[in-house]
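The values are calculated or read from the model by the stated rules, or taken from the named source; none is laboratory data. This one's a predicted model, so the numbers in the text were calculated from it and none came from an experiment. Cβ sites come from the backbone with ideal geometry, for glycine too, and all protein chains shown count toward neighbours.
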Amino acid sequence: MHQTTSGLRLDESPNGSHSQPNSSPPDEDRPNSLPRRKAEGSLRWLEDLLAEADVQLGGSRPWDIRSFDPSISDRLLAQGSLGFGDAYVDGLWECEALDQFFHRVLCAQLDSKIRPNLTILTQIAKAKLINLQTRARSLKVAEIHYNLGNDFYQSMLDPWMQYTCAYWSGGATTLEQAQEAKLELICRKLDLQPGDKVLELGCGWGGFARYAASRHGAEVVAYNISTEQVEWARQKSSGLPIEFRLADYRDATGEFDKVVSIGMCEHVGPKNYRTLMETVHRCLRPNGLFLLHTIGNNAEVPDNDPWLDAHIFPGAVLPSALGLSRAFNGLFVLEDWHNFGPDYDLTLMAWHQRFEASWPRFEAEYGPAFGRKWRYYLLMCAGTFRSRKTQLWQLVLSKGGLFGGWEAVR
C-alpha cells in the first residue's frame, strides 16, 4: 500500500531505507500502524454515529455507553446488530439504561445508516427463498425459547402467565391488573358468551383458555407446539372445559363460534399468513369472530433482527399491515384494527423489573451470559416499542360480517 502524497511504503523509513527485522515494535503496537489507524478510525466512526442520537462513548448519562472495548465498532461494522449484541453479552460494553439507549438510537434512525453486511444479506435471501416457518422449523423456537423452564417464566410473568403485551390504557397500575385487563378486553371484543366454543391457536401456558372458561363459561380447544407449556397448562386447568392439543396450528379441526390467536402470528411467517387465515376460516362458523393479537411492523420485511433471530426468536417475522391485509383479503370482514403499541413498552419494563429481582435464583443454573442476553433482549424490545418502530395490534375479523355491525370495545 502506498501513501498518495509521497509514495512512502509502510515498510520503509522516512529516508527510504528498509527497516531491519525486529528493529521496531510489531505493526499493531506502532502509534501510526495500519491496524491501529483502522481501529481508531472505526471507533471515531461509531462515536460520530452515536452522537447523532446524543449518545456518548465513555459518557456518564444512563443512555451512554459508559465502558467499552474498542473492538465493538469493528464487530458492529462486520456483523451489524448481531455482532453488537453479542459484544454486549460478552461483556465488551456497558450501558446503565439499555432501553433508553435503543430508544435514542432508533429515533435517530441509526439502524438505517449501517450498510447491510454479508450476514444480513444472506438472512434476507434465505427468508425470501425459503419457508423458514415450516412445521419442523417452527419447533426450533419452542425448544430454544419457550421450553427454557416454567419456573423461570413464572418468576417474570403474572399469575395468568401472559407472555404477550398487557393492556395498560384502561388505567391498570400493576402488571397483574394490566394482563387481566388484556384478557377481559379480548373476551369483550369477541362478545364471549357462556357455552361458546372457542379455538385458540398458539395458547402459551393456557392463560387465556383458563380465563375464558372460568370467567365467561367458554369451552376452549387450544393448540401449542411447546411440550413444557402444554404440560403446565394441563396441570393448571383441571376441571375446566379446556382441551390442550400438542399440535401445530395448521392441524386445527372442528367448528367454533370464536377463534383467537394471541402472540403466535409473529412465528407464522409471511409465506404462511394466508394458511393461517384459511385455517381460521375453515374452523369458524358463519358470522363468527376471529381476534388476532400480534406485534406489527411499520414496513413489510422478510426477516427479523439478526440478533433476535439468532438468540431469542428463531424464524420470527413481524407482520406488516399490508401482509396481514393481503392474507385475509376475500376471507373476512375487517371489523376493527386496534393499536396499543406503547403498552408493550410498559409490559417489557415490568418484565425486566421482575427478571432482575428474581435473577439471583437462576444465575447459577443459567449462567451470567444468559442474564446479560435476557436483559439485552427485554430492554432492546422496550426501546423499540418506545420509539414506535413496532406496534401491537388487535384485529377483529368476522366471517361474512356481523349484521348491524360490530360494537367497538376499548
Inset, instruction - Check whether at least one residue in the range 252-263 is hydrophobic (A, V, I, L, M, F, W, C), outside any loop (DSSP other than H, G, I, E, B) and more than 27 Å from the chain's Cα centre (by Cα), and report yes or no. - result: yes
Legend entry - Tabulated pairs, the range 321-337, first over 18 Å from Pro302 (Cα atoms), second among the aromatic types (Phe, Trp, Tyr), C-beta under 9 angstrom, 6+ apart or interchain: Phe328/Tyr273; Phe328/Phe290; Phe332/Phe290; Val333/Trp406; Leu334/Phe328; Glu335/Trp406; Asp336/Trp406; Trp337/Trp393
Inset, instruction - For the range 198-232, enumerate the residues that are assigned to a strand (DSSP E or B) and closer than 17 Å to Leu148 by Cα. - result: Asn224
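Condition check ((1) of a type in the set (Val, Ile, Thr); (2) more than 21 Å from Trp307 (Cβ to Cβ)) across all residues:
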site	(1), (2)
Val333	yes, yes
Asp343	no, yes
Ala350	no, yes
Glu365	no, yes
Tyr377	no, no
Met380	no, no
Inset, instruction - Considering only residues that are within 23 Å of Arg386 (Cα to Cα) and of a type in the set (S, T, N, Q), look in the range 61-104 and name the one that is nearest to the chain's Cα centre (by Cα). - result: Ser81
Inset, instruction - Sort through Ala247, Ala299 and tell me the only one that's assigned by TED's automatic domain parsing to the domain that holds Ser320 and without any contact (Cβ under 8 Å) to a residue 24 or more places away in the chain. - result: Ala299
Legend entry - Filtered residue count, the range 233-249, keeping only those that are outside any strand (DSSP E or B) and either within 24 Å of the chain's Cα centre (by Cα) or under 19 Å from Leu276 (Cβ atoms) (or both): 4
Inset, instruction - Hey, could you check the range 394-410 for residues that are farther than 22 Å from His281 by Cβ and among the aliphatic types (A, V, I, L, M) and say which is surrounded by the most Cβ atoms within 10 Å (Cβ to Cβ)? - result: Val409
Legend entry - Residue satisfying condition, being modelled with pLDDT of 95 or more and either assigned to a loop (DSSP other than H, G, I, E, B) or among the small types (Gly, Ala, Ser) (or both), within set Gly59, Gly7: Gly59
